[in-house]
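The values are calculated or read from the model by the stated rules, or taken from the named source; none is laboratory data. Computed from a predicted structure; not experimentally measured. Every residue, glycine as well, gets a Cβ built from its backbone with ideal geometry; the counts of neighbours run over all protein chains shown.
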């Protein structure tokens with residue numbers, strides 16, 4: 001396995017009315033080809049910002065992202081994104097939404113017949129071939145997200161980026177989609193970066209869980225290797241000691257080491273607490289190369 | 001069960017048919033009552049019955065004119081046939097009938113003029129709105145001009161447009177007299193703005209998610225407009241077009257009055273100038289016709305919107 005994606009000393013500052021706000025600082029991570037990595041952290045900690053920098057939708061202020069030996073500066077279909085709110089184009093059917101992506105990415109490379117076949121194959125992967133002629137408003141939230149995933153997969157990306165893809169769905173639909181995604185992953189073996197705030201989702205799907213500290217100047221707190229064998233079965237794992245141990249580790253990071261301070265009276269306490277956390281995590285543990 | 005469903009139907013019938021009928025009846029009686037009390041130099045102000053009579057009269061004039069036209073063509077053919085026999089070498093001339101325009105013909109002229117002005121406005125306003133919506137710099141540059149011209153009445157434009165048209169448009173094309181060009185142009189100037197503004201708003205409010213999709217796919221400028229921006233803005237473009245069309249129809253009547261374009265505006269003006277005892281009734285027929293056509297145009301746009309816009313919810317708002 002080779003390193004496919006590398007983030008080195010990535011930081012980003014935003015200009016606000018109150019001055020410069022440092023959202024991310026010193027984010028370092030290496031992702032291997034075929035690896036499934038999730039980013040987890042409290043809301044507002046900058047996980048989406050990391051993803052958007054990899055996607056090229058945001059530009060890092062310091063450091064940089066290298067994909068397969070080339071620096072990332074702008075968005076592109078080799079880093080396909082599954083957005084949180086599906087972001088299907090409402091005037092196009094499921095098929096046409098995927099078609100728009102396929103036509104752009106494979107123009108001059110595939111014939112019209114090959115494109116059609118490829119679009120249908122991808123819709124079939126997410127079990128949406130039956131609704132290919134439906135408009136987004138005619139299908140459920142879970143189905144929309146499936147089409148969103150099909151559109152991203154159809155771009156045949158080097159890295160698939162998913163921004164809380166199941167965040168807006170109910171628990172049962174979410175479980176369904178997670179299982180579908182694991183199935184697809186078993187066949188395609190994509191390199192994936194996924195953002196989540198769901199601990200179970202992170203442990204179930206990932207090879208590695210990247211846990212982020214709270215902002216400002218958020219960075220990587222800990223990285224947890226998930227060595228559970230694949231294919232993974234949701235029900236069997238629910239009673240698995242190793243699974244529960246990993247789950248516990250993530251929960252401990254989120255609720256013990258990185259308590260999100262929501263109140264206003266302990267502003268001073270928060271900043272000192274944060275400072276100590278950052279010091280402890282100044283050098284993020286890099287994963288072992290397997 | 002059956003009882004309640006019957007009552008639901010009855011309730012709906014009363015709401016959708018009964019209430020409007022009551023409204024119309026009250027309106028007609030108030031009209032009848034007050035009109036009898038207004039004395040003018042041309043007799044009493046026309047009540048509903050009188051207006052109905054005048055509408056019949058206008059329709060009769062149209063029928064008579066049609067008969068006269070048919071007669072004219074018949075006479076001409078007969079004469080030409082005779083001429084051909086008597087002097088075979090003379091060139092035969094066909095003259096077109098030149099009777100006074102009747103009420104339905106005036107309606108047709110008005111519709112043709114309004115659609116010309118409206119179409120010109122749409123062709124200019126939609127691209128302009130898209131450009132303004134895409135770039136805040138262009139918006140800042142153009143906005144003062146829009147705000148300056150938006151409130152200008154068509155009557156203020158008319159003298160300028162008339163003078164310009166009569167000096168620029170010299171070789172008059174058949175079927176496009178100067179008065180028609182002037183009216184259409186004034187309509188265009190006045191109904192540009194709702195479409196420009198609504199299109200721009202539609203473009204600026206395109207979901208950032210869709211713009212991100214476009215960025216990830218690396219759509220070039222034209223494909224970005226064609227596949228993302230334009231379709232996303234379609235609901236707002238239609239809202240603008242609907243407002244523009246109703247503005248256009250209002251402006252047109254005034255423009256026709258002053259430019260003497262042979263449409264409904266000129267009809268009203270001529271009746272006002274050559275006042276006789278029927279004039280007020282005939283003007284009232286024109287007023288109601290203008291209202292009905294305006295309503296029909298608006299419904300037509302709504303129908304098109306329902307057909308072409310993806311945002312079906314927008315119509316319920």
- prompt: Exactly one of (1) assigned to a helix (DSSP H, G or I); (2) surrounded by 13 or more Cβ atoms within 10 Å (Cβ to Cβ); (3) in contact with a helix residue (DSSP H, G or I) (Cβ under 9 Å, 6 or more places away or on another chain) is unmet by residue A:253. Its number?
  reply: (3)
message: Can you tell me which of (1) crowded, with 17+ Cβ neighbours inside 10 Å; (2) more than 14 Å from chain B (Cβ to nearest Cβ) is the one residue A:109 doesn't meet?
response: (1)
message: Within the stretch B:193-213, take every residue that is within 14 Å of chain A (Cβ to nearest Cβ) and assigned to a helix (DSSP H, G or I) and give me the one that is nearest to the chain's Cα centre (by Cα).
response: B:202
- prompt: Does any residue in the stretch B:45-64 that is free of Cβ contacts under 8 Å to residues at least 24 places away in the same chain come within less than 6 Å, Cβ to Cβ, of a residue that is surrounded by fewer than 14 Cβ atoms within 10 Å (Cβ to Cβ) six or more places away or on a different chain, and which pairs are these?
  reply: B:47/B:32; B:48/B:28; B:48/B:32
query: If a residue has to be under 20 Å from residue A:161 (Cβ atoms) and surrounded by fewer than 15 Cβ atoms within 10 Å (Cβ to Cβ) to count, how many in the stretch A:10-43 make the cut?
result: 1
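What number of residues within the stretch B:288-311 are free of Cβ contacts under 8 Å to residues at least 24 places away in the same chain and in contact with a helix residue (DSSP H, G or I) (Cβ under 8 Å, 6 or more places away or on another chain)? Before the answer, list the steps.
In the first step, residues of the stretch B:288-311 are kept if they are free of Cβ contacts under 8 Å to residues at least 24 places away in the same chain; the result is B:291-292, B:295-296, B:299-300, B:303, B:306-307.
Among the residues that remain, those that are also in contact with a helix residue (DSSP H, G or I) (Cβ under 8 Å, 6 or more places away or on another chain) are: B:306.
Within the stretch B:288-311, residues that are free of Cβ contacts under 8 Å to residues at least 24 places away in the same chain and in contact with a helix residue (DSSP H, G or I) (Cβ under 8 Å, 6 or more places away or on another chain) number 1.
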statement: The number of residues in the stretch B:26-46 that are touching a helix residue (DSSP H, G or I) at 6+ places or on another chain (Cβ under 9 Å) and assigned to a loop (DSSP other than H, G, I, E, B) is 3
- line: If you go through A:167, A:142, the only one that is part of a helix (DSSP H, G or I) and either in contact (Cβ under 8 Å) with a residue 12 or more places away in the chain or within 14 Å of chain B (Cβ to nearest Cβ) (or both) is A:142
task: Evaluate the stretch A:183-191: report whether one residue or more is in contact (Cβ under 8 Å) with a residue 12 or more places away in the chain, outside any loop (DSSP other than H, G, I, E, B) and in contact with a strand residue (DSSP E or B) (Cβ under 7 Å, 6 or more places away or on another chain).
output: yes
query: What are the residues in the stretch A:68-106 that are within 14 Å of another protein chain (Cβ to nearest Cβ) and part of a strand (DSSP E or B), if any?
result: A:81, A:82
- request: For residue A:123, work out the one condition from (1) surrounded by 21 or more Cβ atoms within 10 Å (Cβ to Cβ); (2) more than 14 Å from chain B (Cβ to nearest Cβ); (3) touching a helix residue (DSSP H, G or I) at 6+ places or on another chain (Cβ under 9 Å); (4) not in a helix (DSSP H, G or I) it doesn't fulfil.
  value: (4)
statement: Picking from A:194, A:162, A:212, the residue that is modelled with pLDDT of 90 or more and over 18 Å from residue A:80 (Cα atoms) would be A:212
query: Would you call residue A:59 loosely packed, with under 15 Cβ neighbours inside 10 Å and within 14 Å of chain B (Cβ to nearest Cβ)?
result: yes
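Can you go through B:132, B:145, B:163 and tell me which one is surrounded by 13 or more Cβ atoms within 10 Å (Cβ to Cβ) and modelled with pLDDT of 90 or more?
Working: B:145 fails: surrounded by 13 or more Cβ atoms within 10 Å (Cβ to Cβ); B:163 fails: surrounded by 13 or more Cβ atoms within 10 Å (Cβ to Cβ).
Only one candidate passes the filter, namely B:132.
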- request: Could you please find all residues in the stretch A:209-223 being within 17 Å of the chain's Cα centre (by Cα) and either under 17 Å from residue A:142 (Cα atoms) or surrounded by fewer than 20 Cβ atoms within 10 Å (Cβ to Cβ) (or both)?
  value: A:222, A:223
